[in-house]
Structure formats: C-alpha cells, structure tokens
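Taken together, the values in this text are just the output of simple stated rules run on the coordinates, not laboratory data. All of these numbers come straight from a predicted model, not from anything done at the bench. We place every Cβ from the backbone using ideal geometry, glycine too, and count neighbours over all the protein chains shown.
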Amino acid sequence: MASPLSRNVSPKEITMNQLSAKHFLIDMDGVIYRGDRMIPGADRFIANLKDLKRKFLFLTNASSRTPKELQAKLSRLGIEVSVESFYTSALATAAFLESQNPSGRVYAVGEKGLIEALREVGYKITEKSPDYVVLGQTEDFSKLKKAVQLIAQGVPFIATNPDITGPAEEGIEPAVGAIAAMIEKATGKSAYFIGKPNPLMMRKALQRLGVHSSETAIIGDRMDTDIMAGVETGLETILVLSGVTSREDIGKYAFRPNFLVPSVSQIRL
C-alpha cells in the first residue's frame, strides 16, 4: 500500500513540472519570515515569481498590521512588492461585516490593521450598542472585560482567525484562537472565525488575484488553517516545515498536503 505521503516530495524540493498550479496564495508567518528574520531563500522565491510573472498574493491570518505595514516589513527584509499583494484576515473580516450589515457599529479588540480595515468599510468603532464584537490579535487585555460583557449580553462574536498559536523567533506565541477560547469559556458563546480555513477568505483572495482555484496553490506552515483551507477550496497544497507544523504533526490530520518541503527555497519555478 502506498504511503499516505506518497504524493509529496519528501522533503527536498518541488519543481514546476510537478506542480499543476501556476499561481500562489502565500502565508507569511513561518513561510516568509519568523518574527523579524527572513526565512533563508524566501526573497529568491518571490523574485522568481515576479520574474516569471506568476500571480501571487500574501494571504495571512495575522490581523495586527495593515497592508502598508506588511509591505514595509518585507521591504526591510529585502523583498519588494506592491501594497496590493497582501490580504489579511482583518480585511476579510471587514468585508464580511460590510456584506452582512453595511455601515454598522462594532466593538473591536485589536491592533491598527483591524481598526483601519473596519473604518475603511464605514464601520463605527464603539462600545455603545455595537452590532458585533470583533476580536483580532492583541496584547491589550484590558478591553477583554468589556468584550466578555457585551458577548454575554448577546452581541454576536466575530474573530479574525482561529490560530491558536503563531511562530515567533523564540518558538511560538498565543494567537487569536487562544484568546477567543478564553472568551468562549467565559461567556458560553461561540465565535465565528473569518480567516483561514474559512472559504469566505479563500474566495475573496482568489477574486482579488483574478484566478481560479484549479490553477492555484497555497503555501503555508499550518495544517489546521493553510492546508485545510486549500483542501476545502480545491487548491494544490504545499506545506513548509519552517513554521509551526512539524513532519510528525501531519499524521494527526485526516487530510494531507500535496507537497512537503523544508521551506519555500525548495520550490523551483
């Protein structure tokens, strides 16, 4: 019987004659960088995509930074791309809320990336009679008490993404999913998560890129968000081992990535 990972390059490099995809959705944390350090070879991979005129979009569950801030961070690491090359869970959350309740009111717990995204779609940030409570990545736990009170009173609870942890230079750090779990425990109310693997975010990303799922691959470091999102959206999936997921973790899931590589530097275009 074939190994469950028999379709994967195990793990050396991928060449374009092995991939059917021409275009890419690319996670950032754990794929392009960890903390403030670029993952070796990520700059060459992006340069190759640009040289070959492949369409790509950085698709991140991180909600703290705006696209301009993400663009500036990559520039500091030596990767030059346009501000339109980024789609965050904060942008996806704002788009969802605008589609459900235009020009609404929201109590938001999060950083600049989330707050700006909500304001750009005409949402008012307030703690008085909000239509939603929205949770993004935050280190300001002082606002969580009000969030819990509002959610317990029946205000719908939205979270930008379900990531429990995120990669950091020192290892891992708690992310939105972990904070949301605390609020869910306190209120007995469940959050609706917008970011990967929610198909809402994936469809928006494909629309922005102007490509079909059948010609697109997702590159990520997480089985539970990146690879699951690709599987559920019909994308080719590439798991890199430079972030959160280890090779040993793969067997915990009912699905598998199409390809497995140490990092994006092993993808030859």
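The figures follow:
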| quantity | calculated |
| --- | --- |
| Computed log₁₀ I(q)/I(0) - Debye formula, equal Cα scatterers, no solvent, the range 49-100, q 0.15 Å⁻¹ | -0.46 |
| Set of lysines with alpha-carbon distance to Lys55 below 30 Å, sequence-local pairs under 8 removed | Lys12, Lys22, Lys68, Lys73, Lys112, Lys196, Lys204 |
| Ellipticity estimate at 222 nm from DSSP helix runs (n ≥ 4, -39,500 (n - 2.57)) divided over the chain, nearest 500 | -8500 deg cm²/dmol |
| Whole-number percent relative contact order across the range 142-240, with pairs defined as alpha carbons under 8 Å at least 6 apart | 22 |
| Whole-angstrom gap from the range 171-194 to the range 83-129, using each part's C-alpha centre | 18 |
| Relative contact order for the range 100-193, counting Cα pairs under 8 Å that sit 6 or more residues apart, in percent | 24 |
| Three-way shape call for the range 100-193 based on the alpha-carbon gyration tensor, with the a/c threshold at 1.5 | oblate |
| Cα-based reach from Lys128 at 16 Å (exclusive), listing lysines while leaving out same-chain residues under 8 positions away | Lys143, Lys145, Lys146 |
| Burial ordering of Thr66, Thr126, fewest other beta-carbon atoms within 10 Å first | Thr126, Thr66 |
| Given [x] 9; [y] 18; [z] 27, the label whose value is percent of Cα pairs over 34 Å apart derived from this model | [y] |
| Fraction of antiparallel bridges per DSSP, the chain only, in percent to nearest 5 | 15 |
| Using alpha-carbon coordinates, inclination of helix 67-76 to the longest axis of the chain, degrees | 40 |
| Sorted by Cβ neighbour density within 10 Å, fewest at the top, the residues His212, His23 | His212, His23 |
